[in-house]
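All remarks here apply to the structure that follows.
The values are calculated or read from the model by the stated rules, or taken from the named source; none is laboratory data. Computed from a prediction, not measured in an experiment: that's the story for all the values here. Because the Cβ atoms are built from the backbone with ideal geometry, glycine has one as well, and the counts that use them run over all protein chains shown. Only protein heavy atoms, including side chains, enter the accessible area calculation; ligands, DNA and RNA are left aside. Shrake-Rupley method; radii C 1.70, N 1.55, O 1.52, S 1.80 Å.
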Amino acid sequence: MLRACVFIAVLLYAASASAQCTGDGVQLYPAPGGIVPTNMRLLLEGVGTARSPVLGLVGKPLRLEADGHDVKLKVIKGWESTLGRAVIILKLAEPMQPDKRYLLRLDEVLPGVPVLNGRPGVQPSWLSGKGPDVKAPKWVKKPAVSEGFVRRSPQGIARFVKLNLAMREESPAFLVVKLAPRRLGVSPQQYLLPIQSNTAYLGHEACGGAFALEDGRSYRARIEAFDAAGNLAPSTPPVDFEAPSAQGP
């Protein structure tokens, strides 16, 4: 059974007609508060005005802090969105010890920056599990586009396609999508998509997001999947789709 307990702001669009935008700040994957393997790999996303400060952490020291044990983190660049987001990868210098609460000391490097998928005013933390995760995720259902939708708001237009999928994986899981229009001469976009309940949403909010989708344009998405420890799932065929159109009444 897939457990991907992550916060995805775009899920609001699937449940509500209000197209509110994710605020400025950071998001962490896996989301704070959960149980993670001792060889967890953290992903830190900067949204809006936090994008540049997050990218500025590449090469700088960060640490996880627990009672009687600190773990240094190596910060490397991940992916950048064309619409105001960026992800960096935090790799552990050594495994966490089992059954300990580890605190990420973001306050030491990004003071005052809110964690959008954490508890307000509380530094993000995770409980380490019994040991490492060394098994790669296995596909039960490979990704496929099931529908597209457009939301209009005073901020602009939000546009997404919904990816349905299923994997056999106990840790939180994520996708990295390389998206290219079905025409020559256009550079592809590459970015992270969290998975929630066998679903991922590819697209953008009214004032930013992971992927820019043009009205009615044809795209090809090449998808990789990995778990919270960085184990890669087997490769899967590309997914072709047309972006939903905002034309109409």
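Quick notes
- Under a Gaussian network description of the chain, with springs only between Cα atoms under 10 Å, the residue in L184, L192, L213 that fluctuates furthest is L184.
- Farthest positive-ward along the range 93-245 dipole, Cα basis, beta-carbon charges - from L116, V134, S218: S218
- 26 Å Cα-Cα reach of K130 towards lysines, excluding residues that sit fewer than 8 places from it in its own chain: K72, K74, K91, K100, K138
- Modelled FRET efficiency - R0 25 Å, D67 with V134, Cβ distances, 0.05 increments: 0.45
- Global geometry of the range 110-177, whether rounded, prolate or oblate, following the gyration tensor of its Cα atoms and the 1.5 cut on a/c: oblate
- Net dipole in debye of the chain [+1 Lys, Arg Cβ; -1 Asp, Glu Cβ; about Cα centre; nearest 20]: 460
- Evaluated with a Cβ-only charge set (Lys, Arg +1; Asp, Glu -1), the range 98-244 carries a dipole of roughly 260 debye about its Cα centre, given to the nearest 20.
- Alpha carbon Rg of the chain, scaled by the compact-globule rule 2.2 N^0.38 Å: 1.00
- Accessible surface area normalised per residue over the range 69-119 is 51 Å², counting heavy atoms of protein chains with a 1.4 Å rolling probe.
- Estimated FRET transfer efficiency when R0 is 25 angstrom, pair N164-V186 (beta carbons, to 0.05): 0.40
- Pairs of C-alpha atoms in the range 79-193 farther apart than 23 Å represent 55 percent of all such pairs.
- Contour minus Cα-Cα distance for S245 and Q155 (0.36 nm per residue): 30.7 nm
- Carbon/sulfur fraction of accessible area - the chain, other protein chains in place, 1.4 Å, %: 52
- Under 20 Å from a label point set 7 Å out along the Cα-to-Cβ vector of Q97, the amide N atoms of the range 116-139 belong to 125-133.
- Accessible area (Å², per residue) of the range 142-228, counting only protein heavy atoms and a probe of 1.4 Å: 40
- Assigned charges on the beta-carbon of Lys, Arg, Asp, Glu; the range 104-148 dipole about Cα centre (debye): 380
- Comparing P181, P37, P237 in a Gaussian network model of the chain (Cα springs below 10 Å), the most mobile by mean-square fluctuation is P237.
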